[in-house]
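Down below is the structure, laid out as structure tokens.
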Amino acid sequence: MLRVRRALPLAAASVYSAKLEERRGSTFRHGAMRKRIAFACLVGLTLPLLAAAITVTTPAGPKEVFARGDLLDVVALLRFAGADVQFAPAAGSYGAVTPEHQIQFTPGGALAVVDGRLTPLPGPLRLVDGHIVAAQPTVIALLAPLGWTMKGGAGAPELIRAGAGEQIEVSVVRAPTGTTLVMRGTKQRPRVVASQGSVALQFATPVTLLRPVMPESELLGAELRNTTLTLRLASGIEVTGTYPLDDPPRFVVRLGTATPVAPVAVPRTGPLVVLDPGHGGEDQGAKGPGSELEKDITMAVGRATAAHLQAAGVTARLTRDGDEAVSLTDRTALANRLQAAVFVSIHANASLARGAHGAETYYMRADASDPQAAQAAARENASAPPDTVQLILWDLAHVANLNNSARLARTVQEKLNALQGIKDRGIRQAPFVVLTGATMPSALVEVGFLSNAEEAARLAAHDVQDQIATALAEAIIDFLRAPAPEAAPTQAVPPTP
Amino acid sequence: MRALRPIVATVAVVAVLAALVLLSLHHRAPAPPPAGAEPASPTPVPGKLVLFFPGDDALLHREAREVPELPAAALPRIRLVLEELLAGSREGFAPAFPWTATVQAVFLDREGDAFVDFSAPPPDIASGSEIEMTLAFAAVNSVVANSPGVRRVQLLFGGHEVTTLGHLDLSRPLAPSVEMVAP
């Protein structure tokens, strides 16, 4: 049980000070008054301190903790929870360490690194009178990884071990087919109550979260209140399935689009190529010294490439039809939905090094193929239903795509190198967002540097744009015609000297 | 003797008060040090850093730099490396960041992943995959090259995790890039 210790209001101290001022001078000489003044000073100095303290009930007994309004001393509470809390002056951050866990946080921020994972906090941490303070939800989020929590509200806070209820851990596995939440630590099968924009998982007995649930694109956040875990979902996302798993006991919630998007019907006999003119709309991309805009150049090259492919009998689609903004993930998603054979994203480059010039082609870096999703999926392989196995298969297929993506990038770069006046910068690997999640051979081509005045002027010329488009179309056709090798190298090839 | 009594009494009271004050100071729980306060450090140990800056070929070039004090601890060392990087090249290479960035916070986890929070870029930041690549890997390569035990670096901006600045996936820690470095 806990009480706020505010025996006298702060105003009392100021009344004493005012009376002190009135009496100063006329009665200062008298001993009795001196005693009163001393007492008043004592009260005046002590009361604000008392008013800034709150008593928190802990398993070790009541403890006084600095508080300012609803804000509580985070460092003191973490220490009561058994953490060794130290301040790292050079980094400006605090570290709370137990034998099992490590939490780092910074005054002024609303983020923490919990066991190496960046974790958003419900609210900011503030520095008040030399104490790091936060509202109770933020304190609870920091205590949760250590197995502690608070209850009782701001008036009577109590620090308790989270083991009072079952402690569950929620893992979020993201895959192109949707997001999967896996809950460990309970045998309970919660009742699932869906509503607009959220879903409530109602457990029979209270549960606590081992650590905060990481939000991502489809899952905006999670809030636990006693027996109910409420998941806030992104627009258009709903629960597509739930099922329990045994050994160890888990409960799985699958999220997906509310209305399954059917593959776009494209009447075609041969392979489909999706071309992605980079940027568009308010996102102008790079800008040349002569006001050349990347979004215009990529659109022109994309349209011309599509025309050359169509003329050669290859169906081509663009991710945008005009000067419009399309998100990076939507561009890849279109190619996936269309079941494209090839995805090529077209860009023009910029560098702070003004002399930089030339063309280069990228394909996906292997270590960015979402290893977390693969690891999480692998953990689920015991008694896994078919859709979990598909997660693993998807990841394997994605990695296998790297071989063909490397071949596509090489073919594109070789064709560009054959053009007059283009410096070969080689093929490289990078974790570009637009290539992440593509389920077909994919590459991103940078056709030149707009930050280089000479190259920017060249790229803005229609004949040069058409030459580049011809080279891209030839490369794609060559790639589609050539049989895929069994084992192509996946390492980037340096530029030719 | 009677005349000395008030003096003795006063001295005794003062002594008791002083003892109480000292005792209370001794028992007071140490307040957390204010952010940015530096502990008393031993004799500064000079050291050498290797930083990575973009050259005219848009590859990263090594630049050796001597610093008067090279911290042994990981966090202050990472901060120093990045502050030296953000201060710019002394050998004529291009700046790593297209805006005047500052290091706001540095974290390091037990897996060797460093999290570095830079001040947020302005809305009209120059765009381009090469700019993002050099920005990211100038920071990542410089930190990993000079900080034993650090394997990867995740870049945060304005106190937030970001998915991308336009091209590169920045939602997770990045390993250093060898192919970005000029031979």
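Would you order A:Tyr363, A:Tyr94 from fewest to most other beta-carbon atoms within 10 Å of each residue's own beta-carbon?
Taking fewest neighbouring Cβ atoms as first place, the list is A:Tyr94, A:Tyr363.
Modelled label-to-label distance, A:Thr329 and A:Thr257, 7 Å Cα→beta-carbon offset: nm?
For the pair A:Thr329/A:Thr257, the computed spacing is 1.2 nm.
Using the structure shown, select from A:Lys287/A:Lys415; A:Lys63/A:Lys187; A:Lys423/B:Lys48 the pairs with a Cα to Cα distance greater than 32 angstrom.
Beyond 32 Å: A:Lys63/A:Lys187; A:Lys423/B:Lys48.
Report the label-to-label distance for A:Glu216 and A:Thr230 in nanometres (one decimal), using points 7 Å from each Cα along the Cα→Cβ vector.
A separation of 2.4 nm, rounded to one decimal place.
Taking the Cβ of each residue in B:Asp109, B:Asp169 as the centre, tally the other Cβ atoms inside 10 Å and list the residues starting with the fewest.
So the residues, fewest neighbours to most, are B:Asp109, B:Asp169.
Can you give the net charge of the other residues whose Cβ lies under 15 Å from the Cβ of A:Thr470, counting K and R as +1 and D and E as -1?
-3
For a distance above 25 Å, tell me the whole-number percent of Cα pairs in the stretch B:47-161 that qualify.
16 percent
At a 10 Å Cβ-Cβ cut-off, how would you order A:Asp276, A:Asp466, A:Asp73, fewest neighbours first?
Result, fewest neighbours first: A:Asp466, A:Asp73, A:Asp276.
A:Gly358's amide H: which non-local residues (gap 5+, or another chain) put their own amide H closer than 5 Å, with H modeled 1.01 Å from N in plane and none for Pro or chain starts?
For A:Gly358, whose amide H was placed from the backbone, the distant partners under 5 Å are A:Lys423, A:Phe449.
Assuming 0.890 mPa s and 25 °C, estimate D for the stretch A:165-257 with Stokes-Einstein, Rh taken as the Kirkwood radius over Cα pairs, in µm²/s.
Here the translational diffusion coefficient equals 188 µm²/s.
What GluC sites (Glu not before Pro) does the stretch B:94-137 have in DSSP loop regions with at most 16 other beta carbons within 10 Å?
Listed in order of number, the matching sites are B:Glu111.
Normalised by the residues of the stretch A:281-331, what does the relative contact order come to in percent, with Cα pairs under 8 Å and at least six apart?
Result for the stretch A:281-331 is 32 percent.
If I take every Cα pair under 8 Å that is 6 or more residues apart in the stretch A:70-149, average their sequence separation and divide by the length, what percent do I get for the relative contact order?
29 percent
Calculate the spin-label point distance for A:Glu169 paired with A:Arg337, positioning each point 7 Å from the Cα along the beta-carbon direction, and give it in nanometres.
Placing both labels 7 Å beyond Cα along the Cβ direction yields 3.7 nm.
Counting only other residues whose beta carbon sits under 12 Å from that of A:Ser198, what net charge do I get with K and R as +1, D and E as -1?
Around A:Ser198, the charge tally is -1.
Values quoted throughout were computed directly from the atomic coordinates according to the rules given, and no laboratory measurement underlies them. Owing to the predicted nature of the structure, the values given are computational and were not obtained by experimental measurement. Neighbour counts are summed over all protein chains in view; Cβ atoms, including those assigned to glycine, are modelled from backbone coordinates with ideal geometry.
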